[in-house]
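Everything below concerns the one structure shown next.
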Amino acid sequence: MNAPALTPGLSVLAPHYDALLCDVWGVLHNGLASFPETSEALTRFRQGGGTVVLISNAPRPGVGVGRILDRLGVPRSAYDDIVTSGDVTRGQIAARPGATVFHVGPPRDLPIFSGLDTTLGPLATADYVVCSGLFDDETETPDDYRAMLDEMRARGLDLLCANPDLVVERGDRLIYCAGAIADLYATLGGEVTFAGKPHGPIYDRALERVAALRGAPVPLARVLAVGDSVRTDVTGAARAGVDCLFVTAGIHAEELGGRETPDLAVLARILAADGLMPRAVMRRVVW
């Protein structure tokens, strides 16, 4: 597989697409600061008649992600709507009314349970487990959860993963996410259901929102997914049947030799290992 060339800007791609399904963390911001040039590019895409639905593996409802984006200075002009893994998780919890759930994750993710017919309880009495992250992602690793996962496996509990990401950027660091715990549980023989990218339900929901916003479904050939993760964004786009714009200055930046001068030959090897090739590659999304 040949090394992909860098596309100079979204303006080159924009005429070929009616809608963008744009990742949030790693593309619009790094957890601490937003990227104004990306917000400008998305705004200009919308001004040209395009629709932008943000698609995030955040384990909380989209309205909460919107408030975070407001605080980080991402303008509402950059997007039409937000669909999150948390939204999909809420739908799956609602499909199991009356159950007792053991929640693995920080208190900030509790809004995924708000207003639903479910009871939060201890692991010993839980019907299943919802994992939205680590209890303390600043200090813990998935290995800290092995004893808990062994107990879950012994009880035959299934795990609903509200954020399939393995890691995410926080400033210049990578921190573990719920997907790392879910993957470990799966290796132990546990049953896992994933709510977000790269799995189908979140793309189905996002495409439904695009259709509603535009008044009709958009052909998949006219939809472009944007993201910085090979595992979730590039793979998810391929599974959904849409093109992908890959951003190098995200979670793969260190593997690729840095945020400013990515080694595209290394990227080609990473993509070839998974049999993937995005439609385009950019360092960051600019117009």
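The values are calculated or read from the model by the stated rules, or taken from the named source; none is laboratory data. The structure presented is a predicted model; accordingly, all values stated were derived computationally and were not measured. Glycine gets a Cβ as well: all are built from the backbone with ideal geometry, and neighbour counts include every protein chain shown.
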Requested in this report: Filter segment 18-63 down to the residues that are under 30 Å from Ile93 (Cα atoms) and of a type in the set (Val, Ile, Thr), then identify the one that is surrounded by the fewest Cβ atoms within 10 Å (Cβ to Cβ).
Outcome: Val63
Report task. Please go through segment 141-175 and pick out each residue that is more than 25 Å from Thr100 (Cα to Cα) and out of contact with any Cys (no Cβ under 7 Å at 6 or more places or on another chain). Result -> Thr141, Asp143, Glu169, Arg170, Gly171, Asp172, Arg173, Leu174, Ile175
Query raised in the report: Which of the following residues is touching a residue at least 24 places away in the same chain (Cβ under 8 Å) and farther than 25 Å from His29 by Cα: Thr100, Thr119?
Result: Thr100
Query raised in the report: Residues of segment 139-167 being touching a Leu at 6+ places or on another chain (Cβ under 6 Å), within 30 Å of Val24 (Cα to Cα) and not aliphatic (A, V, I, L, M), which ones?
Result: Glu140, Pro142
Report task. Determine which member of the set His252, His199 is under 21 Å from Ala41 (Cβ atoms), surrounded by 15 or more Cβ atoms within 10 Å (Cβ to Cβ) and modelled with pLDDT under 95. Result -> His252
Query raised in the report: From the residues in segment 86-127 that are in a strand (DSSP E or B) and either of a type in the set (A, V, I, L, M, F, W, C) or under 23 Å from the mean Cα position of the chain (by Cα) (or both), which one is surrounded by the fewest Cβ atoms within 10 Å (Cβ to Cβ)?
Result: Leu120
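When you scan segment 33-40, do you find a residue that is touching a strand residue (DSSP E or B) at 6+ places or on another chain (Cβ under 7 Å), in a loop (DSSP other than H, G, I, E, B) and free of Cβ contacts under 8 Å to residues at least 60 places away in the same chain, even just one?
No: segment 33-40 contains no residue that is touching a strand residue (DSSP E or B) at 6+ places or on another chain (Cβ under 7 Å), in a loop (DSSP other than H, G, I, E, B) and free of Cβ contacts under 8 Å to residues at least 60 places away in the same chain.
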Report task. Would you mind stating whether Ala237 is modelled with pLDDT under 90 and either of a type outside the set (A, V, I, L, M, F, W, C) or in a helix (DSSP H, G or I) (or both)? Result -> no
Query raised in the report: For segment 158-169, does any single residue satisfy the condition of being assigned to a helix (DSSP H, G or I) and closer than 24 Å to Pro111 by Cβ?
Result: no
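If you take the residues of segment 268-287 that are among the β-branched types (Val, Ile, Thr) and under 29 Å from Phe45 (Cα atoms), which of them is surrounded by the fewest Cβ atoms within 10 Å (Cβ to Cβ)?
The extreme case among them is Val286.
Out of all the residues in segment 128-144, which are of a type in the set (Asp, Glu) and either part of a loop (DSSP other than H, G, I, E, B) or surrounded by 19 or more Cβ atoms within 10 Å (Cβ to Cβ) (or both)?
Passing the criteria: Asp136, Asp137, Glu138, Glu140.
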